[in-house]
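To keep things clear, I will list the structure first and then write my remarks on it.
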Amino acid sequence: GENVEQHPSTLSVQEGDSAVIKCTYSDSASNYFPWYKQELGKGPQLIIDIRSNVGEKKDQRIAVTLNKTAKHFSLHITETQPEDSAVYFCAASMTSGGSNYKLTFGKGTLLTVNP
Amino acid sequence: NAGVTQTPKFRILKIGQSMTLQCTQDMNHNYMYWYRQDPGMGLKLIYYSVGAGITDKGEVPNGYNVSRSTTEDFPLRLELAAPSQTSVYFCASSSVGTDTIYFGEGSWLTVV
């Protein structure tokens, strides 16, 4: 089955700096790569995702890049703010015909943005 | 705007007791899931369902049972609770044709 490795496990940055979280996956058949943000005491919430036919996707201060050859994908947060502090999870799955299930998650990265 | 609703939020169980975690969604999603999250670990899939009457095992199904009698509800049953089942449980749902999975707020379960 799929295996997703996520690094680093903790990341501390100063407000305004950039943060990068990296993930690798093992199953070359995976074609969908979402990123979730989990605030304390809450459920994970999708913040951005990318499909295997795209190399990069941006949404305001957040971007995700995908290298299919190396089986790497990364989350980039620019101009970090204290409210970006949370646990971030990457995940991978193979979607087929619009059906997506069996997401495999990384272990998470605790991001702390210091004012 | 309820989305995915889980109950209870917190529960303490004694070893050997049984209980059911309730989950309901009001988005008419076909797919529903149960994940568990242990400290410092990612979420692991326990069971999932692709529609009413259809369920299947995920990565860590042992010690759990599920049923899906309606589109809206997907309860998770713990039989003979064990300390290893101490965890945070998340119910989630998604729709056919979209990839976004929506999570509930979580249920914190402690088995002592």
Any lysines whose Cα falls less than 16 Å from that of B:K9, other than same-chain ones fewer than 8 residues away, would be A:K42
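What are the semi-axes of the equivalent ellipsoid of chain A, taken as the square roots of 5 times the eigenvalues of the Cα gyration tensor, listed largest first and rounded to whole Å?
So the three semi-axes of chain A are 24, 14, 13 Å.
Pairs to check: A:K22/B:K57; A:K107/B:K14; A:K37/A:K57; A:K22/A:K102. Give those whose C-alpha atoms are more than 25 Å from each other in this structure. Write out the running numbers ahead of the final one.
Numbers: A:K22/B:K57 29 Å; A:K107/B:K14 28 Å; A:K37/A:K57 17 Å; A:K22/A:K102 21 Å.
Pairs exceeding the cut-off: A:K22/B:K57; A:K107/B:K14.
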At q = 0.16, 0.21 Å⁻¹, the log10 of I(q)/I(0) for chain B from a Debye sum over equal Cα scatterers comes to -0.65, -1.12
Rg from C-alpha atoms of the protein assembly as shown, normalised by the globular rule of thumb 2.2 N^0.38 Å, equals 1.02
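Quick one: B:I54, A:I62, fewest Cβ neighbours within 10 Å first, how do they rank?
So the ranking, lowest neighbour count to highest, is B:I54, A:I62.
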Whole-Hz Karplus couplings 3J(HN,Hα) for the range A:82-88, θ = phi - 60° and coefficients 6.51, -1.76, 1.60, Gly and Pro as x, run x, 6, 7, 4, 4, 9, 10
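We did not get these values from a lab; they are worked out from the coordinates using the rules stated. This one's a predicted model, so the numbers in the text were calculated from it and none came from an experiment. In this analysis, Cβ positions are derived from the backbone assuming ideal geometry, glycine residues included, and neighbour counts consider all displayed protein chains.
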